[in-house]
Amino acid sequence: MTTALLHHAALALRLNFRSRQAIVYGYLVPLFFLLAFGSVFRASEPPLLGQMGQLLTITILGGACFGLPTGLVAERERGVWRHFRLTPVPLPALLAGTLAARVVIVALAAAMQVALAHWIYGTPWPAHSWQLAAAFLLVCAAFLGLGLVVAALARDVPAVQAIGQCLFLPMIMIGGVGVPLVVLPEWAQRLACFMPGRYAVEVLQPCFNHPYGLRHAGLSLLMLVVIGAAAALAGGRLFQWDTGQRLRPRDFGWVGAAFAGWMVAGGVAVSAGHIGPVTLVGDAAFADIDDAAVSRITFEDLPPDDGIYAPLAPAHSTRRLTPRIQELIRHLDTWAPARTDDIGQNVRNLLCVAAIADIGQELSEADIARAVFERLRVQFDEDQLRRALAWVVLQPGAGTVVIAAPELGLRGEMSPAIVRERSTWYAKKFLGRLVGTIPDTPPDPD
Amino acid sequence: MTAVCVRDLGKRYGDLVALREVSFEVTHGEIVGLLGPNGAGKTSTLECLLGLRTPDSGTIAIEGHDAVAHPAHVQGRIGAVLQTTALQDAITPREALRLFASLHGQPRTRADALLDEFSLRDKAREPFATLSGGQRQRLALALAFIPTPRVLVLDEPTAGLDPAARRDLHERIRRRRDEGCAVLLSTHDMAEAQHLCDRIVIIDGGRIIAMGTPDELLARAGAPARIRLRARPAPTPADLAALAGARACTAVDDALVIHTIDCGDTLAALARHLAQHGHAILEMHVTAPSLEDAFLHLTGKSFGPEATKR
């Protein structure tokens, strides 16, 4: 039977690629979303990396709300499933083959998006490929169950479009899938807790740009399991192989069960305070940096300390400092961006000072960088500092960056992307010295 | 062993009684036709037999196996052509046959052999959407033969086919019958039933009205032959109705139609009557009684526009 099911799934794939409509919905629409997101978020740093979870969720959602049920209902209308019923292979097994084929179809579309985002916009590859694959399969499982429910509710192919849009559009607009949760009003964020789309984004996105991938996405993973299990159970029970079959009143209990998964997830999320956008970076990410993560960082690619980029002066202790540097050191003692509740962000902000001076080609840029290093060592204990610097290196796109610091006497407003790049270089230079990999430059003799 | 044995089959759809106490048998090496107008219960009967519907009452045995309690036991024994079955537009006959061969646990060579047997080799790589009606029905029949069935169930297999394709399909069905296959087909085409089937089960309103060979049914019904006549000057219907053997005479357009139970006597009497009264024959047709006439006699109603429009 396994051979038969593989044959069925492979043929389903081949037929999909012969259908113009399937190509448009399955691949051109995801491409359109990629280009639309690219036109809006290409200036973010790194470009589009923070939106890849949303993009992939839209693709899976499209496959679940439209692709899967359209195919199933069209085959049902033609009597293909009646014919399948006359074979010795059980229909649930054939349905599983159809779902497997759909997962492959959606996976190819998602891979296309990831690859094109990389080639067109320079979006980095996912940081955790295997975790992404696992998260992708989980999201597919959760959403394709919904697709089965849509197929059961739809009497014909046009009805699939109508019902599919009822699921697709709310999740895109106020479910944290198309429009990011962070820009939605509080009521919409609360409502989004009751939709699976946001949880899909929350498990897919960290696989792209979180140093620890899915480690902090446990709640969202659980929500998807609950939603997916309810939908798959209901979708399986409601599956109709014949156009003559109609939902009986008691079948709507199963429809209710499918959406009860949403309610349960929403209730848990709200009671757990999981309402606003999940902070994928910050204290939690910084705090979780361990020695293994630090040991993976290499230091060979750094520019020289006395070069043009990211210069670093020798230690200050035995040198006479200019009044300007002395004043900057005093200001750094009380500089507000380095005194927030978020240790990781404080370190990142201080590194930005060195970066701004470097980019602005301040006369004493190397000394300013040294002052920042000294400030970091004074303000944070060594373990904290080591992990925070590693976090900046491993997570260059995380958190926020300071791009101007006139209060410190630094001129100009810098590009966020370049500030992040230079901050990372300095973080590496400082970290290398902390862990002893880079010997610190001996102080200049007076 | 009886190939198909249906006993007291009953099926309701809500308030609608689709089948009531339907019983018949089919043996190997015969073609049995389920004949009836649309909505008579033919498809419901076949779908119960195939396990696509669960009967509310009665039993169905396929080669001695209970098809209601254990539908999986009989699936490999039955080949079926369903009335409303189409395939995906893009699938080719070769792909369809290979897919269903694998689903039935048959080797790929079985699918390729059926391509040749059903003259589909030239169309093996063509999408289903581009096949003609006859080619599609040949493919449907080829699909039905994948499990090498000893029982063949065909739901209106020639519906929508042109005469040549219909003859071709009839020939293929007869060949299977001659090979020992039990064939049960539904049709609302009287001529098809009369010429193709060894026995006919007439069904109407979910009940079996009559059952037997075509000749037996015609004899049992006592259906009249018809003599259609155009003459100048035209005789009166009353004169012709009084001829020997004639039961009635009606005017239809510019002709007269005599209904007779003894065609020979009536023709002789008609010839005499026309000669005596100086009527010149312009046109005359004699139509033997048909199953449609038998149906009319048995049920008291005509077969309906759907059945007669072909």
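Things worth noting here:
- From the list B:Leu87, B:Leu154, the one residue that fits, being outside any helix (DSSP H, G or I), within 10 Å of chain A (Cβ to nearest Cβ) and within 25 Å of B:Ser44 (Cβ to Cβ), is B:Leu87.
- Scanning the stretch B:239-271 for residues being at pLDDT below 90, farther than 25 Å from B:Ala294 by Cβ and assigned to a helix (DSSP H, G or I) gives a total of 1.
- Hits in the stretch A:301-330 (condition: at pLDDT 85 or above and aliphatic (A, V, I, L, M)): A:Leu302, A:Ile308, A:Ala310, A:Leu312, A:Ala313, A:Ile325, A:Leu328, A:Ile329
- Going through (1) of a type outside the set (Asp, Glu); (2) in contact with a helix residue (DSSP H, G or I) (Cβ under 7 Å, 6 or more places away or on another chain); (3) without any contact (Cβ under 8 Å) to a residue 40 or more places away in the chain one by one, B:Pro163 falls short only on (2).
- Positions within the stretch A:27-41 being loosely packed, with under 15 Cβ neighbours inside 10 Å and more than 15 Å from A:Ala110 (Cα to Cα), in sequence order: A:Ala36, A:Ser39, A:Val40
- Failed item, numbered, when B:Ala96 is tested on (1) assigned to a helix (DSSP H, G or I); (2) facing another protein chain (nearest Cβ under 10 Å); (3) touching a Lys or Arg at 6+ places or on another chain (Cβ under 9 Å): (3)
- The listed residue being in the same structural domain as A:Gly71 (by TED's automatic domain parsing) and either in contact with a Ser or Thr (Cβ under 9 Å, 6 or more places away or on another chain) or more than 26 Å from A:Pro90 (Cα to Cα) (or both), out of A:Leu11, A:Leu49: A:Leu49
- Test: residue in the stretch A:269-286 that is buried (at least 17 other Cβ atoms within 10 Å of the Cβ), of a type outside the set (Ser, Thr, Tyr), modelled with pLDDT of 85 or more and part of a helix (DSSP H, G or I): yes
- Scanning the stretch A:239-250 for residues that are touching a residue at least 60 places away in the same chain (Cβ under 8 Å) and away from every other protein chain (no Cβ under 13 Å), we see that the one that is farthest from A:Pro90 (Cα to Cα) is A:Leu247.
- Residue check, A:Ala151 small (Gly, Ala, Ser), crowded, with 17+ Cβ neighbours inside 10 Å and over 15 Å from the mean Cα position of the chain (by Cα): yes
- Filtering B:Glu126, B:Glu117, B:Glu63 for residues that are at positive phi, at pLDDT 85 or above and away from every other protein chain (no Cβ under 12 Å) leaves a single hit, B:Glu63.
- For the stretch B:227-241, the count of residues that are buried (at least 16 other Cβ atoms within 10 Å of the Cβ) and within 30 Å of B:Gly33 (Cα to Cα) is at least one.
- Candidates A:Leu61, A:Leu72, A:Leu68, filtered to the one that is surrounded by 24 or more Cβ atoms within 10 Å (Cβ to Cβ), within 14 Å of chain B (Cβ to nearest Cβ) and assigned to a helix (DSSP H, G or I): A:Leu72
- Scan the stretch A:1-28 for residues that are of a type in the set (Phe, Trp, Tyr) and free of Cβ contacts under 8 Å to residues at least 12 places away in the same chain and the total you get is 1.
Quick grid of which residues meet (1) part of a helix (DSSP H, G or I); (2) closer than 30 Å to B:Arg12 by Cβ:
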{"site": "B:Leu52", "(1), (2)": "no, yes"}
{"site": "B:Gly105", "(1), (2)": "no, no"}
{"site": "B:Asp112", "(1), (2)": "yes, no"}
{"site": "B:Asp116", "(1), (2)": "yes, no"}
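- Yes/no for A:Leu15 being within 14 Å of another protein chain (Cβ to nearest Cβ), hydrophobic (A, V, I, L, M, F, W, C), crowded, with 23+ Cβ neighbours inside 10 Å and under 23 Å from B:Ala86 (Cβ atoms): no
- Residue count for the stretch B:178-212, restricted to those that are at pLDDT 90 or above and farther than 21 Å from B:Gln135 by Cα: 18
- Flag for A:Leu138 being over 29 Å from B:Arg98 (Cβ atoms), assigned by TED's automatic domain parsing to the domain that holds A:Ile163 and at pLDDT 90 or above: yes
- For the stretch A:329-355, filtered to residues that are without any contact (Cβ under 8 Å) to a residue 60 or more places away in the chain and among the charged types (D, E, K, R), the residue that is farthest from A:Phe373 (Cα to Cα) is A:Asp341.
- Conditions (1) charged (D, E, K, R); (2) more than 21 Å from the chain's Cα centre (by Cα); (3) away from chain B (no Cβ under 14 Å): number failed by A:Arg42: (2)
- Test: residue in the stretch A:90-105 that is surrounded by fewer than 17 Cβ atoms within 10 Å (Cβ to Cβ), part of a helix (DSSP H, G or I) and facing another protein chain (nearest Cβ under 9 Å): no
- Scanning the stretch B:71-81 turns up one or more residues that are within 14 Å of chain A (Cβ to nearest Cβ), of a type outside the set (A, V, I, L, M, F, W, C) and in a strand (DSSP E or B).
- When the stretch B:38-60 is filtered for residues that are surrounded by fewer than 21 Cβ atoms within 10 Å (Cβ to Cβ) and away from chain A (no Cβ under 11 Å), the ones remaining, listed by number, are B:Asn38, B:Gly39, B:Thr54, B:Asp56, B:Ser57, B:Gly58, B:Thr59.
The values are calculated or read from the model by the stated rules, or taken from the named source; none is laboratory data. Because the structure is a prediction, the values reported are computed rather than measured. Counting neighbours? That spans all protein chains shown, and the Cβs are built from the backbone with ideal geometry, glycine included.
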